[in-house]
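Okay, structure first, notes after.
Read-outs throughout are calculated quantities, based only on the coordinates presented, and are distinct from any laboratory measurement. If you're wondering where the values come from, they're calculated on a predicted model, not measured in any experiment. We place every Cβ from the backbone using ideal geometry, glycine too, and count neighbours over all the protein chains shown.
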Amino acid sequence: MAIHWKVLLGVILGLIVGFVASFFELGETIILDYVKPFGTIFIKALKLIAVPLVFVSLAKGITELKDLGKLSKLGGRTVLWYMLTTVSAVILGLFLVNIFQPGVGLDIEALQGLSKNAVNFDAPSTQGRSPLDFFVRMVPDNIFSALSDNGRLLQVIFFTVVFSIGLLMIPKEDQAPVIQLIESLNKIMLKVVDMIIAFSPYAVFALMATLFIEIKDPTIFIALLKYSAVLMTGMFILLLLYPLLAQLLTGMPFMKFAKGVLPAQLVALSTSSSMATLPVTMECVIDNLEVEDEIASFVCPIGATINMDATSLMQSIAAVFVCQVIGYELSIANQLTIVVTATMASIGAAAAPSAGIVMLVLVLESVGFPSDKLPLALAMILAVDRPLDMWRTVVNISGDSFVSVIVGKK
């Protein structure tokens, strides 16, 4: 059985076991004490490989280009398309949340209980940042410090690009041993990823069973059903747009794209991490969508970090939703601010589970959201974020695959 079908089976069995266990106190104890740790270990293993995988994959992609002129052209097209898809996702989110208004009429008193675990939430401060702070934070002051922190992947990418360009500028005889080392490291990392992904069906079983135990109050799901429905609608639209646009712009048949990315989508559904899914995404893009190896090795690693279409969609919908819940009016200027801030925040989000929640703080503060309501706002979104985060990752890696096809068009 292919790994993605094993993962899907793990999802189904995990939900069934979690549902049954939720009726028994002993069942809950067993899930939380003896099943949940396997899911936690899996997530930690994904974080373990994120930084080295980005470094070796991106360095390999850049060094294979060999021509700095080609690198400049390829980089420009890649970033341009990623920015276009991200901005489009934010605008789509604002359109949907204003049309359906999921937060209007929601009883805030019924949700107060959600904030009991979030009252002491230590939100990262975003006060006093300049408009160009994103670019300042992109440049590391200590690469070894950046390499030790998954939240600073953009700094690792910046260093990797500079390092790889420097490598291409030295004589070829001096390049050879370093390029050989990078290629060997890339092979090693892909084998490590294979080992971790082989464990994913069992890990996703643990994660799904735990999810059902920890978020079992039906009133929470009922209260946030409209928000979830609007977000899922937006993600479904994006999943339809990618193959449609690929066919329109490159001539690739709709079903070829849809079937080609399916294995990566199923792995993304289980891991909730674009970075962990990266090897499978690249394999699908190269083998199924027939994008050149050197293009995929460059576009996909960058996309796994800066291309977060579904994350930016979620931030625009979530920001307006929580404002609707508490009755905080948003002007047109505020919503334009959300477009800019959500775009930049999604680029800065780590390619790991629930990274968009931290970025949501920045988006809410940019429109003057009351700070005393912030714990409640985050608690509302966090209550249903885990299952939605799984689908956001599916959309994100589909967007990476779409841009790879567009950039790789001859």
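Taking R0 as 45 Å, what FRET efficiency do you get between residue 169 and residue 236 from their Cβ-Cβ distance, rounded to the nearest 0.05?
Approximately 0.45, to the nearest 0.05.
Quickly rank 163-175, 394-406 as a protection proxy: mean count of other C-beta atoms within 10 Å, highest first.
Most protected by this proxy first, the peptides run 394-406, 163-175.
How large is the Kirkwood hydrodynamic radius of segment 1-83, in angstrom, based on all distinct alpha carbon pairs?
Value: 17.0 Å, from the Cα pair sum.
Nearest 0.05, what FRET efficiency do residue 333 and residue 101 give at R0 = 25 Å with Cβ-Cβ as r?
0.80
Exceeding 32 Å between C-alpha atoms, which entries from my cross-link table qualify? They are 60/259; 259/373; 73/172; 191/256.
The pairs that break the limit, which is 32 Å between Cα atoms, are 259/373.
Using packing as a proxy for protection, rank 284-295, 51-62, 137-148 so that the peptide with the highest average count of other Cβ atoms within 10 Å comes first.
Descending mean neighbour count gives 51-62, 284-295, 137-148.
Can you compute the FRET efficiency between residue 77 and residue 29 using 1/(1 + (r/R0)^6), with r the Cβ-Cβ distance and R0 = 41 Å? Round to the nearest 0.05.
0.15
Once the piece of chain linking residue 88 and residue 2 is laid out straight, how much longer is it, given 0.36 nm per residue of separation minus the C-alpha distance between them?
Separation in residues times 0.36 nm, less the Cα-Cα distance, equals 27.5 nm.
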